[in-house]
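Chemist: Dumping the structure here so I can ask a few things about it.
The values are calculated or read from the model by the stated rules, or taken from the named source; none is laboratory data. Quick caveat, the model's predicted, so the values are computed rather than measured. Glycine gets a Cβ as well: all are built from the backbone with ideal geometry, and neighbour counts include every protein chain shown. The protein model used for the area step is the full one, side chains on, heavy atoms only, and it has no ligands, DNA or RNA in it. Shrake-Rupley method; radii C 1.70, N 1.55, O 1.52, S 1.80 Å.
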Amino acid sequence: DRVDPLLKRFYEDLRREVATRGGLEQESVGFFDGNIPAGADWMRDVAAAVSTCKVFVPIYSPQYFTREFTGQEWCAFDQRLAAHEVRTGRRPDAIVPVWWLPPRRELPPVAASVQHGAGGAQTDHRLRGLRYLLQRKANRDDYIEFLVNFADRILRVADDPPQARTFTDLSTLPSAFQQADDTTLAPVDPTGEPAAG
């Protein structure tokens, strides 16, 4: 979904909020693969970002879980979390998702197990997607509330990052989203309630 101008706006807003609240240089905050310049080694740059980031922010959408490469990125970061757990006996909560557009199918188990937060703009963002908060001017206060809370959460999570691990080629990893039978996936209910079926 990186061609979506609203997603680019959210990335820049979040980056600025995290930098401001964390007392950080904005250039040191965040990685967005849509910012990789033409001619650069896209695969290398993404692998380097996944190898060293303190927080992994997947952008949930109907397309996100259908793409093999996003599943490979998740797999790489998940391996870093597993290595941290082996070393320390504790697994950091360093995957902090954004419900950009509610997925139309059941989340893969690896994503369903991640804490998504709730309450206020968080709940609205799960029901309609954060994109909806950006689409309407009437949602501005809810968007700002979400942005501030989300930036604070990222900063808290970043205080306990998993150890870096070098990945040179993410395409050799399996997708974390693989299902035994994709046809069995049911519609997802973003409120967390069991879907009627």
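Chemist: Any idea how many residues of the range 65-118 are in a helix (DSSP H, G or I), over 22 Å from Ala158 (Cβ atoms) and either of a type in the set (S, T, N, Q) or open to solvent by 10 Å² or more (accessible area, probe 1.4 Å) (or both)?
Modeler: Initially, the range 65-118 is screened for residues in a helix (DSSP H, G or I), giving 65-66, 68-88, 109-112.
Restricting the remaining residues to those that are over 22 Å from Ala158 (Cβ atoms) gives 65-66, 68-69, 71-72, 109, 112.
Right, trim to either of a type in the set (S, T, N, Q) or open to solvent by 10 Å² or more (accessible area, probe 1.4 Å) (or both) and you get 65-66, 68-69, 72, 109, 112.
Matching residues across the range 65-118 total 7.
Chemist: Still on this structure: If we scan the range 140-156, do we find a residue that is modelled with pLDDT under 90, of a type outside the set (S, T, N, Q) and either at positive phi or out of contact with any Leu (no Cβ under 6 Å at 6 or more places or on another chain) (or both)?
Modeler: no
Chemist: OK, next. Within the range 149-159, identify whether any single residue is open to solvent by 40 Å² or more (accessible area, probe 1.4 Å), out of contact with any His (no Cβ under 9 Å at 6 or more places or on another chain), assigned to a helix (DSSP H, G or I) and free of Cβ contacts under 8 Å to residues at least 12 places away in the same chain, and answer yes or no.
Modeler: Yes - at least one qualifying residue is present in the range 149-159.
Chemist: Restricting attention to the range 1-54, and to residues there that are part of a loop (DSSP other than H, G, I, E, B), of a type in the set (Gly, Ala, Ser) and out of contact with any Leu (no Cβ under 8 Å at 6 or more places or on another chain), which single residue is modelled with the highest pLDDT?
Modeler: Gly23
Chemist: Taking Arg131 as the residue in question, decide whether it is over 22 Å from Arg21 (Cα atoms), open to solvent by 30 Å² or more (accessible area, probe 1.4 Å) and modelled with pLDDT of 90 or more. Before you say what the answer is, go through the steps one by one.
Modeler: On the way: over 22 Å from Arg21 (Cα atoms): yes; open to solvent by 30 Å² or more (accessible area, probe 1.4 Å): yes; modelled with pLDDT of 90 or more: yes.
Spelling it out, Arg131 is indeed over 22 Å from Arg21 (Cα atoms), open to solvent by 30 Å² or more (accessible area, probe 1.4 Å) and modelled with pLDDT of 90 or more.
Chemist: Further question: Can you name the residue in the range 168-189 that is at pLDDT 90 or above and assigned to a loop (DSSP other than H, G, I, E, B) and is also most open to solvent (accessible area, probe 1.4 Å) among such residues? Please lay out each step first, then the result.
Modeler: First, pick out the residues of the range 168-189 that are at pLDDT 90 or above: 170-177.
Okay, now just the ones that are also assigned to a loop (DSSP other than H, G, I, E, B), so 173-177.
On the way: Leu173: 27, Pro174: 81, Ser175: 16, Ala176: 30, Phe177: 11 Å².
For the range 168-189, the residue satisfying everything is Pro174.
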